[in-house]
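For reference, the structure is listed below as structure tokens.
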Amino acid sequence: MSKDLVTREANYSQWYNDIVTKADLAENSAVRGCMVIKPYGYAIWEKMQQALDKMFKETGHVNAYFPLFVPKSLFEAEEKNAEGFAKECAIVTHYRLKNDPDKPGKLMVDPHAKLEEELIVRPTSEAIIWSTYKGWIQSYRDLPLLINQWANVVRWEMRTRLFLRTAEFLWQEGHTAHSSEKEAIEETERMLEVYADFAENFMAIPVLKGVKTENERFAGAVNTYCIEALMQDGKALQAGTSHFLGQNFAHAFDVKFANKEGKLEHVWGTSWGVSTRLMGALIMSHSDDKGLVLPPKLAPFQVVIVPIYRTDEEQSLVSSKSLEIKKELEKVGVSVKFDNRDTHKPGFKFAEHEFKGVPLRIAIGPRDVENGTVEVARRDTLEKSTLLTSDLSVKIVHLLEQIQQNLYDKALDFRTNNTHKADTWEEFQRLLDDKGGFISAHWDGTPETEEKIKELTKAAIRCIPLNNNKEQGKCIFSGNPSNERVIFARAY
RNA sequence: CGGGAUGUAGCGUAGUCCGGUCAUCGCGCCUGGUUUGGGACCAGGAGGUCGCAAGUUCGAAUCUUGCCAUCCCGACCA
């Protein structure tokens with residue numbers, strides 16, 4: 001466990017990988033680039049899903065499910081989208097295997113079972129969904145169409161990393177259709193707000209809301225909004241995107257509706273998604289050199305109770321007290337695990353739960369039962385205190401709220417301390433190499449300049465912040481005039 | 001896909017240059033006993049196609065070739 005954990009300073013990426021695997025979140029599988037999400041990691045993802053799903057429904061969306069496969073002819077209909085994803089598609093070309101006559105016991109692809117038309121394993125579902133929407137939308141009365149799906153997608157990435165970039169990943173993708181441009185833009189912005197709200201209030205990660213530059217825009221979108229988070233190593237992570245699709249997909253798939261005047265118009269679209277990459281963001285934002293740190297709102301269990309005893313008699317005494325406390329806490333909505341394994345010593349359990357990021361630990365021994373107390377340890381600050389069991393549930397609820405808030409505050413402080421303005425090229429480069437982080441700087445607005453800066457420094461424009469202050473200045477690279485700062489960073 | 005590194009028991013490793021007496025050690029695992037308020041101790045035990053496949057050789061963990069996987073650096077990307 002943590003005695004084997006390399007420090008963040010010594011090797012950040014190894015630290016990350018160690019946490020993912022040693023905290024039992026996920027592991028590499030027999031399939032290149034694809035991970036197995038283990039029960040403890042999946043439980044966190046389920047918490048995320050539950051919270052997000054509720055928020056989607058509260059904003060009027062419903063869930064549906066569309067096929068994994070997209071016929072190539074549909075996939076290529078929206079040209080920019082198809083071109084953008086073409087280089088990372090898995091393609092199904094056959095539908096049958098047969099015994100290999102040359103190798104007994106082995107199978108081979110049956111050459112007679114070639115598909116008429118290849119199927120693309122979805123890298124994103126716009127094509128299959130918009131081709132379906134064509135049949136669902138005739139009138140303005142059919143709009144807006146507000147649908148989300150929870151699914152897996154495949155993008156054949158060259159270099160993968162657990163949660164941050166895997167060939168197959170889990171996500172949700174919302175796909176909506178509207179009768180006006182204004183309404184579609186409102187939807188795009190609404191969902192960005194939902195993502196920001198989720199990141200800040202559940203994940204305890206402050207995020208920067210903004211729009212992408214043309215270079216970084218989703219293939220097939222008119223405008224891409226994003227939330228950007230800053231990781232502890234000073235690199236940025238795109239945590240969610242919301243796209244205004246204009247009428248691009250409506251044109252590509254001929255999706256039209258009759259308006260109130262009886263005239264046919266193309267519908268306006270949006271799509272938005274977050275993925276299991278959020279797991280990576282969660283890990284890298286809060287965890288420390290002792291292991292994972294989880295915000296209470298997303299922890300599979302918020303409190304672990306570790307009983308301490310020597311004799312059978314003590315064990316039954318301590319156990320019944322533990323169960324009593326567990327019940328009391330569950331009554332006020334706190335999730336509790338009673339770790340009554342008799343195969344491990346308390347010290348081992350302390351270390352294990354600490355490594356796995358359980359927000360609060362309660363230890364109960366015979367002494368506590370006698371005194372009417374418990375020992376409570378916070379994972380975020382590692383502070384221990386002895387609390388009277390009277391009103392314990394109220395105190396625990398309060399502590400969990402404090403931990404949630406403290407994690408957010410710490411992450412926000414970190415981001416504040418690692419966001420800098422640069423006004424010259426030298427300053428820009430120095431900031432990048434010294435500290436990384438977000439760098440706020442003037443840019444002349446051209447893709448060429450953005451590209452050159454990226455080439456020279458590996459830093460890209462993460463976003464143009466929403467509600468950005470207008471300010472006259474000169475592009476740090478070209479010296480041409482600029483009327484606002486944008487956010488640069490090296491990114492995952 | 002380009003550059004670099006690695007692959008030996010569940011994990012971490014020694015051995016590879018210089019082929020044979022070589023499958024090493026620690027953790028973990030199993031059994032028994034003593035333990036239990038911060039990662040227990042003693043004794044005994046099990047566990048291996050040395051990544052996979054061909055080749056060279058009397059003989060391959062060790063040499064050659066191909067493939068696969070992982071990590072790091074690029075390009076690509078949520």
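The values are calculated or read from the model by the stated rules, or taken from the named source; none is laboratory data. All of these numbers come straight from a predicted model, not from anything done at the bench. As a convention, Cβ positions derive from the backbone with ideal geometry for all residues, glycine included, and neighbour counts pool all protein chains shown. What goes into the accessible areas is simple: the full protein's heavy atoms, side chains included, and nothing from ligands, DNA or RNA. Shrake-Rupley method; radii C 1.70, N 1.55, O 1.52, S 1.80 Å.
The shape of segment A:418-489 can be summarised by an equivalent ellipsoid whose semi-axes, obtained from the alpha carbon gyration tensor, come to 16, 14, 11 Å from longest to shortest.
Each eigenvalue of the Cα gyration tensor of segment A:296-403, multiplied by 5 and square-rooted, gives one semi-axis; in descending order these are 20, 16, 12 Å. Straight-distance candidates among the aspartates and glutamates for linking to A:Lys326, with alpha-carbon spacing under 12 Å and chain neighbours fewer than 8 residues away dropped: A:Asp339. Available extension along the chain between A:Glu117 and A:Thr419 is 103.7 nm, counting 0.36 nm per residue and deducting the alpha carbon span.
Within the set of other residues whose C-beta is less than 12 Å from the C-beta of A:Glu181, count the net charge using Lys and Arg as +1 and Asp and Glu as -1. That works out to -3. On segment A:418-489, 46 percent of the accessible area sits on carbon and sulfur atoms, based on a 1.4 Å probe. Inter-label distance, A:Asn483 to A:Glu370: 7.7 nm, where each label sits 7 Å from its Cα along the C-beta direction. Dimensions of segment A:103-155 along the principal axes, based on C-alpha atoms and rounded to the nearest Å, stand at 61, 24, 16, largest first. If you roll a 1.4 Å probe over the heavy atoms of the protein chains, what accessible area per residue do you get for segment A:301-401, in Å²? Per residue, segment A:301-401 has an accessible area of 52 Å². Between segment A:209-236 and segment A:379-453, the C-alpha centres lie 18 angstrom from each other. Note on segment A:59-134: Cα convex hull, mean projected area over all directions, 7.7 nm². For segment A:306-347, a crude dipole built from +1 on the beta carbon of Lys and Arg and -1 on the beta carbon of Asp and Glu, taken about the Cα centre, is about 180 debye to the nearest 20. The calculated FRET efficiency for A:Ile91 paired with A:Thr7, based on their beta-carbon distance and R0 = 56 Å, is about 0.85.
In this calculation the C-beta distance from A:Arg310 to A:Leu68 is compared with R0 = 45 Å, giving a FRET efficiency of 0.20.
Within segment A:196-228, list the residues whose amide N lies under 20 Å from a label point set 7 Å along Cα→Cβ of A:Thr381. Taking a point 7 Å out along Cα→Cβ of A:Thr381, the residues of segment A:196-228 whose backbone N falls under 20 Å are A:204-205.
Between A:Phe348 and A:Leu412, the distance separating the two model label sites (each 7 Å from Cα on the Cα→Cβ line) works out to 4.2 nm. At what distance in angstrom do the alpha carbon centres of segment A:139-167 and segment A:52-74 lie from each other? The two parts, judged by their Cα centres, are 8 Å apart. Applying 1/(1 + (r/R0)^6) with R0 = 51 Å to the Cβ-Cβ distance of A:Asp444 and A:Gln149 gives a FRET efficiency near 0.80. Computed from the C-alpha gyration tensor, the three semi-axes of the ellipsoid equivalent to chain A are 43, 30, 24 Å, from longest to shortest.
Modelled spin labels at A:Ser320 and A:Arg190, positioned 7 Å past Cα toward Cβ, are 5.5 nm from each other.
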